[in-house]
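Have a look at the structure below before the remarks.
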Amino acid sequence: MSEQSPEQKRKLPTIAIVGIILAVLCGISLYIRIYLPHDQIFVNGWVWFRETDAYYYMRNIEVLVHNFPHFNTFDAYALYPGGGMGLTRPFFAWLIAGIIRLVSWGVPTLHHMEVVAAYMPAILGTLTLIPVYFIGKELFNRWVGVISAALVVILPGEFLHRSLLGFTDHHVAETLFSTVSILFLIMAIKRAREREISFSHILNRDWSTITKPLVYSLLAGVFLGIYLLSWRGGLMFIFIIFAYLVIQFVVDHLRHKSSDYLCIVSTPFFLIAFLMLLLLLGKGVDTLSRVSLLVAIVVPIVLSIISRLMAGRALKPVYYPLALLGVAGIGLAALHAINPSLLRSMLHQFSIFTPSGASLTIMEATPILFPHGSFTLSMAWANFTTSFFISFIALAMLAFVVVKERSADKTLFLVWSVIMLLAVLGQRRFGYYYAINAALLTGYFSWKMLDIAGLSKLLAKSKEVVGAVKKFKKREKKTREKAKPKTFMQPRGTWVRVIVVGIVIFFLVFFPNIGLWREEPTRIVDGLYIGYTRPLAEAQNFIMDEGWYSSLQWLKDNSPEPSDDPDFYYELYPPKNEFEYPDTAYGVMSWWDYGYFIMQIGHRMPNANPTQARAREAGQFFTAQNETSASMLADELGTKYVMIDSAMATGKFYAMAEWAGKNVSEFYEYYYVSTEEGGQWTTLFYPAFYQSMVIRLYNFDGKAVVPATNSSIVISYEEQPMSDGQKYKAITSGQSFATYEDAQAYIASQTSGNYRIVGTSASASPVPLEALANYERVYPDPEAKITTATVKIFEYLGSSES
């Protein structure tokens, strides 16, 4: 037995090197996701989550911990009156509650629950590196996997943001579980295609051939089931696999290839997920999910049967896609006849690609290239930096490889990536999905560039190079000039090319994300730091602040309990149609963004919540032009308290007007003012702005307002055309009046032209306001003299007419 050389003994196996690299990447990921944002989440002994829906999950986790494993599908605290949605897909909350129960001694405190929940997204985000590596390895090679995993660690944007400490929402779980499911499905399809498995293998019980593909298929189905148990919107992922299967069935049939393997792999894949939903949720599975999964189970069988029948009768392959179109048309027509509303619900799922209307007031639902209605690459750069652009090149390269190699597993990756790209172009929120695709595509592109430079040849021939060097030394004196180019110059030139390309790849792919680990961002776009990972990880927590947390603690401690039962908050409630609120229950009016804060921190019931439930009514209340109409809504909704922050009176005002069915131009507009320097834009406020309830309460504490002398301004303006055909308003003159009535009289005396009464400051009304009779400020202390407050709470004393 030959002994190993010292060089061989010192050399680490490639798998060990990869393992060390992945371990280091996991450490870097945890540093970015936990250490850097730590002080923004753990503040003064409190836990400030960095996402609105985190408070929804904390509310449900509290109930789960007290009643494990049972949970509420109807939640009396989520919305008042009528209640709201509890957990419909509970796995993410189950996972956290289960860990809390496992690591806690006795009954865990709320702080212990919050700490465990705060760490969970960072841990799940870090675990996502593992399936990303293996997907890259399965599709291409292990170094593509390593590059892709490294990119997932540092890509800024939605994925990093949603996997940071304190972002306790199901999004990062969606990404992890869907990526693992895709990994096992790729492995199943790849093994099944390589072994050319068919129904005959099953009939003949050829387990040695079919076991491995089936095991991978079952594992893919399990993680699909977990994914669907984590997010109700997971039907998008089913559509991706469904679309791939249809395409691959057609491709295989046109190439006269058996498609048995697709049916054998996909049917148990969908079946396992379907059974998991039925067994764990039972009647809680909605009709749309049931039907979608049943269709996904049946369609591969139907496609396989049609393919076999047409092949058996020697029909032209081109008839196959035509037959599928006919079957699809018949199926849709039948569904429309049987249940048209279900068909509409299915088609509505595609609206994620084209959001519209009030949904565009939700930041994460805006198109990534048109975040504010006009084209810009800033948001794409903020999410993916150069990977966004490289991924387009890589998709073209991948499409070429798919056509050339006729690879079923790479086709799946291509379809998955294209559909996720369309999704993120429709809504920027899907950036946390596309980050995985962008990383893998960029990893593939990077490797191809290194491969062209010669790296793969160097890695493959490293042993031969070492041997050549030894032989060269033995005959160095005889063949120095002849051997040198073959053994040294050629590898040296290749290494130079590889090093140069590697440096280019580093600065092209990695450097834009880390930017020398910059601490200060160059620019912020909708809360995301342009191009740099560290500033995003260390960014200020824009979701929670001391003003909201303190005010909600005050509300919890100083307002009446909604029920006489001290355990009412933690109870398992009966179904909605059987539940009755106690007479002592009431609602808290605020903008829908803050509903979960009120529910979880304040232990009170919001009148509107982040599902946008009653967003219209909240918008109508806060933009109401008189106390009577606002109080009618308050009486209808059982409102006892009103909570308002500074954002509602400023940046969120337009959203409230939009949801109320009004136009923000009724309240304020932008005007162009000519100056000696050339002109500038300014915001001018109309009387309706000051008369709205949110301004009367927040800016003026519901007190009577008499405009200061000469604060009522009348402007005249002209509408001027812009280059895109729209018009803007340019001020031609302005005049101050002693009183509001004088300003009104002046406008009434004008026979032509455009005139408006305006105010220049949101906190200085040009129009007189009556005191609000039925709203009293209770927080901050009404006796305290304050100039500003982040959050104010008003008690609604009830309509004087009621």
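With the crude spin-label approximation of a point 7 Å out along Cα→Cβ, what separation in nm comes out for residue 351 versus residue 579?
About 2.5 nm separates the two model spin labels.
Let me make sure I get this right: for the stretch 206-340, a, b and c are the square roots of the gyration tensor eigenvalues over alpha carbons, sorted descending. Under 1.5 in a/c it's rounded, otherwise prolate if a/b > b/c, else oblate. Which is it?
Since a/c reaches 1.5 but b/c is at least a/b, the shape of the stretch 206-340 is classed as oblate.
How long are the three semi-axes of the equivalent ellipsoid for the stretch 686-750, computed from the Cα gyration tensor as the root of 5 times each eigenvalue, in whole Å, largest first?
Value: 28, 19, 9 Å, ordered largest first.
Would you list the P(r) distribution for the stretch 377-433, with all Cα-Cα distances sorted into 10 Å bins from 0 and each bin expressed as a whole %?
22, 49, 24, 5
Taking the stretch 136-276 as the region of interest, what is the percent of Cα-Cα pairs per 5 angstrom bin, listed from the shortest bin to the one with the maximum distance?
P(r) over the stretch 136-276, rounded to whole percents: 2, 9, 16, 19, 18, 16, 10, 5, 3, 1, 0.
For a label point 7 angstrom out from the Cα of residue 200 toward its Cβ, which stretches of the stretch 231-262 have the backbone nitrogen within less than 15 Å?
The answer is 257-261, whose backbone nitrogens lie closer than 15 Å to the label point.
Given the DSSP H assignment, sum -39500 (n - 2.57) over each helix run of at least 4 residues in the chain and divide by its residue total; what's the result at 222 nm in deg cm²/dmol, nearest 500?
So the calculated ellipticity at 222 nm is -17000 deg cm²/dmol.
If N is the number of residues in the stretch 545-665, what value comes out of its Cα radius of gyration divided by 2.2 N^0.38 Å?
Ratio of Rg to 2.2 N^0.38 Å for the stretch 545-665: 1.10.
Restricting to Cα pairs below 8 Å that are 6+ residues apart, what does the relative contact order work out to for the chain? Please round to a whole percent.
13 percent
Let a ≥ b ≥ c be the square roots of the eigenvalues of the Cα gyration tensor of the stretch 118-189; is it rounded (a/c under 1.5), or, if not, prolate (a/b larger than b/c) or oblate? Present the calculation step by step, with values, prior to reporting the outcome.
Details: a/c = 2.90, a/b = 1.64, b/c = 1.76.
In terms of gyration-tensor shape, oblate.
Suppose R0 equals 35 Å; then what is the FRET efficiency for residue 362 and residue 670 from their Cβ-Cβ distance, rounded to the nearest 0.05?
Result of the calculation: an efficiency of 0.95.
Can you give the local net charge around residue 728? Use residues other than it whose beta-carbon is closer than 15 angstrom to its beta-carbon, Lys and Arg +1, Asp and Glu -1.
Within the 15 Å Cβ shell, the charges total -1.
Kirkwood-based Rg over Rh for the chain (C-alpha set), two decimals? It would help to have the intermediate numbers written out before the result.
Numbers: Rg = 31.6 Å, Rh = 30.4 Å.
With Rg and the Kirkwood Rh in hand, the quotient comes to 1.04.
Two decimals is fine: what's Rg over Rh for the stretch 151-208, C-alpha atoms, Kirkwood radius as Rh?
1.28
Within 14 Å, Cβ to Cβ, of residue 647, how many net charges do the neighbouring residues add up to if Lys/Arg are +1 and Asp/Glu are -1?
Net local charge, residue 647 excluded: -1.
How are the C-alpha pair distances of the stretch 682-799 spread across 10 Å bins, as whole percents from the shortest bin up?
12, 35, 27, 17, 8, 0
Solvent-accessible area per residue for the chain at a 1.4 Å probe radius, Å²?
46 Å²
Below 13 angstrom from the Cβ of residue 768, what's the summed charge of the other residues (Lys, Arg +1; Asp, Glu -1)?
Result for the neighbourhood of residue 768: -1.
Which residues' amide hydrogens lie under 5 Å from the amide hydrogen of residue 778, considering only partners 5 or more residues apart or on another chain, with H built in the peptide plane?
When sequence neighbours closer than 5 places are left aside, the close amide H contacts are 793, 794, 795.
In nm, to one decimal, how far is the residue 247 label point from the residue 572 one, both placed 7 Å along Cα→Cβ?
4.5 nm
In the structure displayed, which of 662/792; 257/404; 316/410; 190/457; 576/652 lie more than 22 Å apart, Cα to Cα?
Over 22 Å Cα-Cα: 662/792; 316/410; 190/457; 576/652.
Using θ = phi - 60° and the Karplus relation 6.51 cos²θ - 1.76 cosθ + 1.60, list the HN-Hα couplings for the stretch 428-435 in order, rounded to whole Hz, with x at every Gly or Pro.
Values per residue, Gly and Pro as x: 5, 4, 6, x, 6, 7, 5, 4 Hz.
Heavy atoms only, probe 1.4 Å: what % of the accessible area of the stretch 33-177 goes to carbon and sulfur, would you let me know?
Carbon-and-sulfur percentage of accessible area, whole number: 65.
Just the number, please: carbon plus sulfur as a percent of the accessible area of the stretch 659-802, 1.4 Å probe, no ligands or DNA/RNA counted.
Values: 3630 of 7930 Å².
About 46 percent, which is the carbon plus sulfur part of the accessible surface.
What are the aspartates and glutamates whose alpha-carbon lies under 20 Å from the alpha-carbon of residue 212, with same-chain residues fewer than 8 places away excluded?
Output for residue 212: 138, 194, 196, 260, 409.
Starting at the first residue of the stretch 438-445, write each ³J(HN,Hα) from the Karplus equation 6.51 cos²θ - 1.76 cosθ + 1.60 with θ = phi - 60°, in whole Hz, x for Gly and Pro.
The phi angles translate into 4, 5, 5, 5, 5, x, 5, 4 Hz.
Along the stretch 614-623, what does the Karplus equation 6.51 cos²θ - 1.76 cosθ + 1.60 (θ = phi - 60°) give for ³J(HN,Hα), rounded to whole Hz, x for Gly and Pro?
Each residue of the stretch 614-623 in turn: 6, 5, 4, 5, 5, x, 5, 5, 6, 9 Hz.
Compute the long axis of helix 129-139 from its Cα atoms, compare it with the longest principal axis of the Cα atoms of the chain, and write down the angle in degrees, 0 to 90, nearest 10.
Roughly 40 degrees, rounded to the nearest 10.
Check residue 43: other-chain or 5+ apart residues with amide H under 5 Å from its amide H, H built from backbone geometry?
Long-range HN contacts for residue 43: 48.
Find the eigenvalues of the gyration tensor of the Cα atoms of the stretch 82-144, then list the square roots of 5 times those eigenvalues as equivalent ellipsoid semi-axes, largest first, in whole angstrom.
33, 17, 9
The values are calculated or read from the model by the stated rules, or taken from the named source; none is laboratory data. A quick note: this is a predicted structure, and the numbers were derived from the prediction, not measured. Note: ideal-geometry Cβ built from the backbone for every residue, glycine included; neighbour counts use all protein chains shown. Side chains are part of the model used for accessible areas, which takes the heavy atoms of the whole protein and leaves out ligands, DNA and RNA. Shrake-Rupley method; radii C 1.70, N 1.55, O 1.52, S 1.80 Å.
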